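As structure tokens, the structure follows; a few thoughts come after it.
The values are calculated or read from the model by the stated rules, or taken from the named source; none is laboratory data. All figures in this text were calculated on a predicted structure; none of them were measured in a lab. Here Cβ is always computed from backbone atoms with ideal geometry, including for glycine, and neighbour counts include all displayed protein chains. These accessible areas exclude ligands, DNA and RNA; they are computed on the full protein's heavy atoms, side chains included. Shrake-Rupley method; radii C 1.70, N 1.55, O 1.52, S 1.80 Å.
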Amino acid sequence: MANRQCVTEKALLAQEKKAAYGSDIDFAVFADEDTNPPLIPDPAQLPAGQRKNLEAIGFDTESGERAGAYMQTDHSVVHCQVAASGLEVMTIGQALACHPELEEEYFWQAVAPDVDKYTARAVLHGEHGYFIRALSGVKVEHPVQACLYIGTEGVIQDVHNLVIVEEEAELHVITGCGTDPDVKQGMHIGISEFYVKKGGKLTFTMIHRWGEDVAVRPRTGVIVEAGGLYMSNYVCMHGVKDIQMYPTVKLVGEGAVARLNSILVAPLGSHQDVGGRVILSAPGTKAEVIARTISTGGVIVNRGALIGESGQTKAHLECNGLLLAPNGRIHAIPELDVRSDDAEFSHEAAVGKIAPEEIEYLMARGLSEEEATATIVRGFLNVKIEGLPDSLAKQIERAVEEFSGSKGI
């Protein structure tokens, strides 16, 4: 009987992983070789075209309003620098060498190495990744920027990132992930572990801009202690062949808060299985998961889960989708799992098309049909994110404007 129960539990776990992570990817079709790209001492000296491409994913090459920067191309770290006191920015290998205690206390603690074949590969083939830490009590004024870039056709990139915000510290991180314009095929596996200590605050904005035949497998775990705040903003508004991500945030200390915001656009040929899960394990914890999704011909599976393990908790889940092409598909899958009668959880989900009367209303006021559609799309994607630094808000606004002003909608 015990053996049968064990087998059943394994089967259920396998089913849950399949639901969360979807289809399989064959590693054999990608290359492991590195091209050893040159170091970039000063990103401002890069060619104008490359600077423009980096800035489109949030990597500022010129303004200087960054507390630190990390850039990795394929398997090589090409730029790494710190410009603020009380802040550490280095490769994950350097961090483990300088701070051996990290391996036992943090490394592979928020994400298990045996979650699936992608985490297992990252254990065996880890190629750098960034380590960022804000020391106790330090409020880092400007964002730290990181860029994970694929510059070679067909390469597979495996990274492991670790971010720690110590007690009462504040940190903003912008991560831009993308491919060179000439790269069509590739794969990115990104393991990310975030730790927000007591009273700390971490704002993490991730902007994806991949090639048309790129597979992406982020695996993210977040642990937030008492009074801590974790705010995540994810933006993917350009074609990606296949992306699957389902970050899990654990609120383990009283009064911890998590806010997850996503803006997704799937053009024809794109499959995006994206979501977020928050586990409220302590009294007084709060969570909010909000997603705005648009299909212009692609498939979006938008998942969201709120799990209330403790009383005196409050959480809200919102999944809204907009279909702008007849062959597009959006699946909204909200899930509430409340295990206490002293909790307040809610959700709403809606998927539909732009109502003709809305376009007609704007056209009657002098807008063309294209302008009317762009205006409605812009309003739909305008997610007001409380407490977001101006620099991050402008980056998201720029991405929304770029999309809604394009002729492809």
Every pair of residues 6+ apart whose Cβ atoms lie under 7 Å, when the first sits in segment 323-346 and is open to solvent by 70 Å² or more (accessible area, probe 1.4 Å) while the second is not in a strand (DSSP E or B): Arg339/Glu309; Asp342/Gly311; Asp342/Gln312
Per-region count, segment 1-35, residues out of contact with any helix residue (DSSP H, G or I) (no Cβ under 8 Å at 6 or more places or on another chain), open to solvent by 60 Å² or more (accessible area, probe 1.4 Å) and at pLDDT 85 or above: 3
Condition check for Leu306: over 24 Å from Asp24 (Cα atoms), open to solvent by less than 10 Å² (accessible area, probe 1.4 Å) and in a strand (DSSP E or B): yes
Qualifying positions in segment 290-301 - closer than 20 Å to Pro247 by Cα and open to solvent by 10 Å² or more (accessible area, probe 1.4 Å): Ile290, Arg292, Val299, Val301
Those residues of segment 48-72 which are modelled with pLDDT under 95 and under 17 Å from Thr179 (Cβ atoms), in sequence order: Gly49, Gln50, Arg51, Lys52, Asn53, Leu54, Glu55, Ala56, Ile57, Gly58, Phe59
Residue list for segment 144-181, filter: among the small types (Gly, Ala, Ser), touching a Phe, Trp or Tyr at 6+ places or on another chain (Cβ under 8 Å) and not in a strand (DSSP E or B): Gly154
Failed item in (1) open to solvent by less than 10 Å² (accessible area, probe 1.4 Å); (2) closer than 22 Å to Glu55 by Cα, with His172 passing the rest: (1)
The lone exception for Met206 - which of (1) over 27 Å from Thr285 (Cα atoms); (2) modelled with pLDDT under 95 it fails: (1)
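Matching residues to (1) at pLDDT 90 or above; (2) hydrophobic (A, V, I, L, M, F, W, C):
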position: Leu317; (1), (2): yes, yes
position: Ser346; (1), (2): yes, no
position: Gly352; (1), (2): no, no
position: Glu371; (1), (2): no, no
Number of the condition not met by Lys241 [criteria: (1) more than 21 Å from Ala134 (Cα to Cα); (2) in contact with a His (Cβ under 9 Å, 6 or more places away or on another chain); (3) crowded, with 22+ Cβ neighbours inside 10 Å]: (3)
In segment 182-203, residue modelled with the highest pLDDT [restricted to those that are open to solvent by less than 10 Å² (accessible area, probe 1.4 Å) and assigned to a loop (DSSP other than H, G, I, E, B)]: Gly200
Selected residue [within 21 Å of the chain's Cα centre (by Cα) and surrounded by fewer than 19 Cβ atoms within 10 Å (Cβ to Cβ)] from His142, His128, His99: His142
Subset of segment 246-256 (residues that are within 29 Å of Arg209 (Cβ to Cβ) and open to solvent by 10 Å² or more (accessible area, probe 1.4 Å)): Tyr246, Pro247, Thr248
Every residue from segment 258-283 that is open to solvent by 30 Å² or more (accessible area, probe 1.4 Å) and more than 17 Å from the chain's Cα centre (by Cα): Pro267, Leu268, Gly269, Ser281, Pro283
